[in-house]
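Each reported figure results from applying straightforward, stated rules to the coordinates on display, with no laboratory input. Quick caveat: nothing in here was measured; it's all calculated off a predicted structure. Counting neighbours? That spans all protein chains shown, and the Cβs are built from the backbone with ideal geometry, glycine included.
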Amino acid sequence: MKRRLQIGVMGSAADLQYSKGVEGLAFSLGREVARTDSILVYGAEKDYDSLSTAAARGAKSAGGFTVGITYGKGKKILGGGGDTDVIIATGIERGGGREFVLVNSCDAIIAVSGGSGTLTEMAIAYQLGIPVVALVGTGGWAAKLAGKYIDERKRFKIVPAKTAPEAVRKAVALAKRE
């Protein structure tokens, strides 16, 4: 049996006040990941909504399988985990290493908008050689880094995508090459 790809969706937490349109794009990303029969991996939150959680809802709406990586102790996450098939509690606080576990569990990641946490996740992926696709037009670090190298090492460019289906197609293709 062949292992299913694990595609991460990383994005802003609700405190960055993203628009309903961007939230809809994140939902679409999750739905598209499920349609490829890949596993959606995301940062499961304990205290507020996020674009990653919206992607998990999208994946579940299409019958997909989701893995939520959460911080701290315990498996209690936002919404009671109803959009999550597997919850991995790292015991590590947010901003304190949970991001490494999250990104290292992915074959490719897709960034949508994003604040400092998403930037951290994109940088970790870059360091680990895990492909990164950025959904342009969503603001945040995804928009700022799309089509660019993160540093002068020029390991690989962050791959831009204009739509959710395009982002997922590119992420899956890049993951298969790795």
Phe65's amide H: which non-local residues (gap 5+, or another chain) put their own amide H closer than 5 Å, with H modeled 1.01 Å from N in plane and none for Pro or chain starts? Leu40
Once amide H atoms are built 1.01 Å from N in the peptide plane, which residues 5 or more positions from Gly137, or in another chain, come under 5 Å H to H? none
Give, in nm to one decimal, the length gained when the segment between Ala14 and Ser116 is fully stretched (0.36 nm per residue of separation minus the Cα-Cα distance). 35.4 nm
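Over the chain, calculate the relative contact order: mean separation of alpha carbon pairs under 8 Å at least 6 apart, over the residue count, as a percent.
Details: 431 pairs, mean separation 38.7, N = 178.
About 22 percent, as a whole number.
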Most exposed to least, judged by fewest other Cβ atoms within 10 Å, Asp151, Asp83 sort to Asp151, Asp83
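Considering only DSSP states other than H, G, I, E and B, which GluC sites (Glu not before Pro) in the range 33-112 qualify as loop sites with at most 13 other Cβ atoms within 10 Å? Don't jump to the answer; show the numbers that get you there.
Numbers: sites: Glu45, Glu93, Glu99; in loops: Glu45, Glu93.
Passing both the DSSP loop test and the Cβ count: Glu93.
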So for the pair Glu93, Asp47, with labels modelled 7 Å out along Cα→Cβ, what separation do we get in nm? 1.0
Taking amide H positions as placed in the peptide plane 1.01 Å from N, state which residues far from Leu5 in sequence (5 or more) or on other chains have amide H under 5 Å from it. Ile39
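Can you sort Leu16, Leu29 so the residue with the fewest Cβ neighbours within 10 Å comes first? Before the final figure, lay out each step's value.
Details: Leu16 18, Leu29 32.
Ordered by Cβ neighbours within 10 Å, fewest first: Leu16, Leu29.
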Please find the FRET efficiency linking Arg35 to Asn104, where r is the Cβ-Cβ separation and R0 is fixed at 22 Å, and quote it to the nearest 0.05. 0.35
Note down the magnitude of the dipole of the range 87-168 about its Cα centre, charges +1 on Lys and Arg C-beta and -1 on Asp and Glu C-beta and zero elsewhere, to the nearest 20 debye. 240
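Exposure proxy check: Val9, Val103, Val159, Val168 ranked by fewest other beta carbons within 10 Å? Please list the in-between numbers first.
Numbers: Val9 34, Val103 25, Val159 19, Val168 28.
Result, fewest neighbours first: Val159, Val103, Val168, Val9.
Mind putting a number on the dipole of the chain about its Cα centre? Charges go on the C-beta only, +1 for Lys and Arg and -1 for Asp and Glu, and I need it in Debye to the nearest 20. Each step should come with its number before you reach the end.
On the way: 25 positive and 17 negative charges, 104 e Å.
Magnitude of the dipole: close to 500 debye.
Where in the chain are the helices, taken as whole DSSP H runs, whose Cα atoms extend 30 angstrom or more along the long axis and whose Kyte-Doolittle mean reaches at least 1.6?
On the way: long enough: none.
TM-like helix candidates: nothing returned.
Antiparallel as a % of all DSSP beta bridges within the chain, to the nearest 5? It would help to have the intermediate numbers written out before the result.
Details: 1 of 26 bridges.
The answer is about 5 percent antiparallel.
Under the rule that an exposed site lies in a DSSP loop and has at most 13 other Cβ atoms within 10 Å, name the longest stretch of the chain with no chymotrypsin sites (Phe, Trp or Tyr not before Pro) of that kind, not counting the sites themselves.
Details: sites that count: Tyr48, Tyr149.
Formally, the longest exposed-site-free interval is 49-148.
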Show me, for the range 92-99, the HN-Hα J-couplings you get by feeding each phi into the Karplus relation (A = 6.51, B = -1.76, C = 1.60, θ = phi - 60°), rounded to Hz, glycine and proline as x. 10, 6, 4, x, x, x, 4, 4
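How would the chain be classified by its alpha-carbon gyration tensor: rounded, prolate or oblate, with rounded meaning a/c under 1.5 and the a/b versus b/c comparison settling the rest?
Working: a/c = 1.28, a/b = 1.20, b/c = 1.06.
Rounded, since a/c falls under 1.5.
What FRET efficiency would be calculated for the residue pair Asp85, Lys176, taking the C-beta separation as r and a Förster radius of 22 Å, to the nearest 0.05?
Efficiency, rounded to the nearest 0.05: 0.45.
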